[in-house]
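First the structure, in the form of structure tokens, and then the observations on it.
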């Protein structure tokens, strides 16, 4: 593989950083394709010895860090994790945090601060390193960041902010959803099949027993496989998929909450509301009202 850091250094000699004043993007925030995902800061710090940031009150945006070389650490919520080469980590918004380069082997990092209505569609609060084991995946992520730098050199127009929104969505999809290994494992293949089955039956309840019987697998295997591949239990993953779809429907339609709940297999709207609040942090009605205000 062509050395990613060398290519980036050639294109962006030394440190690169863009910090957007709210005045740059606020005129376009009502556009549905911009408000869903936008950045406020983005940068690349090569061989960043003694790099350190601490924000005791947190900030209003999520922070995605991608280590391209060396290593460092991230501390969030009182827990410290190591971030190594070809690993990414997302710092949740509003949480006290600090991060910095390793003294002996300082990192090179790509980073972006972002916000938007669609951030809840991604698992941004898991607070765990995500490893990119595929060289192709690393190349793709580097290319997507280079697109952000390229468009930010141009004028701050509505069209460019729409483009930035789409690139940010691709960066998050690459980080959290695309397979990062060179070849899919048998376990990954089976989990993928089960997820597709869940998506095809998102409109009704489902039990772990049904999933095991459908794919002729043991409870222990299914539970462990989902944990390994998604970081969640099977039923927690299924519920999360329902809540993401509920968010989309609450934003994009005027359907009553009860209708949305029934369409996702919840016969008891109160149970749906409790599940939604637990996953999103707001009741369905409050979530819809917030989107209307924004």
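In the stretch 265-283, which residues are within 18 Å of residue 238 (Cα to Cα) and either touching a strand residue (DSSP E or B) at 6+ places or on another chain (Cβ under 8 Å) or part of a helix (DSSP H, G or I) (or both)?
Passing the criteria: 269, 271, 272, 273, 274, 275, 276, 277, 278, 279, 280.
Please work out which one of (1) touching a residue at least 12 places away in the same chain (Cβ under 8 Å); (2) assigned to a helix (DSSP H, G or I) is the condition residue 178 fails and give its number.
(2)
When the residues of the stretch 81-110 are filtered to those that are part of a strand (DSSP E or B) and under 13 Å from the mean Cα position of the chain (by Cα), which remaining residue is surrounded by the most Cβ atoms within 10 Å (Cβ to Cβ)?
91
Looking only at residues in the stretch 48-73 that are over 10 Å from residue 101 (Cβ atoms) and under 17 Å from the mean Cα position of the chain (by Cα), which one is surrounded by the fewest Cβ atoms within 10 Å (Cβ to Cβ)?
By that ranking, first place goes to 60.
Any chance you could count how many residues in the stretch 130-148 are farther than 15 Å from residue 86 by Cβ and in contact with a strand residue (DSSP E or B) (Cβ under 6 Å, 6 or more places away or on another chain)?
Result for the stretch 130-148: 1.
Of all residues in the stretch 240-265, which are over 22 Å from the mean Cα position of the chain (by Cα) and free of Cβ contacts under 8 Å to residues at least 40 places away in the same chain?
Selection gives 253, 254, 255, 256, 257, 258, 259, 260, 261, 262.
Residue by residue through the stretch 213-239, note down the ones that are in a helix (DSSP H, G or I) and touching a residue at least 40 places away in the same chain (Cβ under 8 Å).
Those that are in a helix (DSSP H, G or I) and touching a residue at least 40 places away in the same chain (Cβ under 8 Å): 228, 229, 234, 237, 238, 239.
For the stretch 152-166, name all the residues that are assigned to a helix (DSSP H, G or I) and in contact (Cβ under 8 Å) with a residue 12 or more places away in the chain.
Listed by number, the residues that qualify are 152, 158, 161, 162, 163, 164, 165, 166.
In the stretch 240-264, how many are outside any helix (DSSP H, G or I) and crowded, with 16+ Cβ neighbours inside 10 Å?
1
So, residue 161, is that one crowded, with 17+ Cβ neighbours inside 10 Å and over 22 Å from residue 67 (Cβ atoms) or not?
Spelling it out, residue 161 is indeed crowded, with 17+ Cβ neighbours inside 10 Å and over 22 Å from residue 67 (Cβ atoms).
Mind listing just one residue for me: the one in the stretch 121-151 that is touching a residue at least 60 places away in the same chain (Cβ under 8 Å) and surrounded by fewer than 17 Cβ atoms within 10 Å (Cβ to Cβ) and, of those, farthest from residue 34 (Cα to Cα)?
Looking at residues that are touching a residue at least 60 places away in the same chain (Cβ under 8 Å) and surrounded by fewer than 17 Cβ atoms within 10 Å (Cβ to Cβ), I get 135.
Is at least one residue of the stretch 14-30 in a strand (DSSP E or B) and free of Cβ contacts under 8 Å to residues at least 40 places away in the same chain?
yes
Could you tell me whether residue 168 is buried (at least 18 other Cβ atoms within 10 Å of the Cβ), within 23 Å of residue 92 (Cα to Cα), modelled with pLDDT of 95 or more and out of contact with any helix residue (DSSP H, G or I) (no Cβ under 7 Å at 6 or more places or on another chain)?
Yes; evaluated as a whole, the condition is true for this residue.
The values are calculated or read from the model by the stated rules, or taken from the named source; none is laboratory data. Here the structure is a predicted model, which is why all the values come from computation and not from measurement. Positions of Cβ are generated from backbone atoms using ideal geometry, with glycine treated the same way; all protein chains shown enter the neighbour counts.
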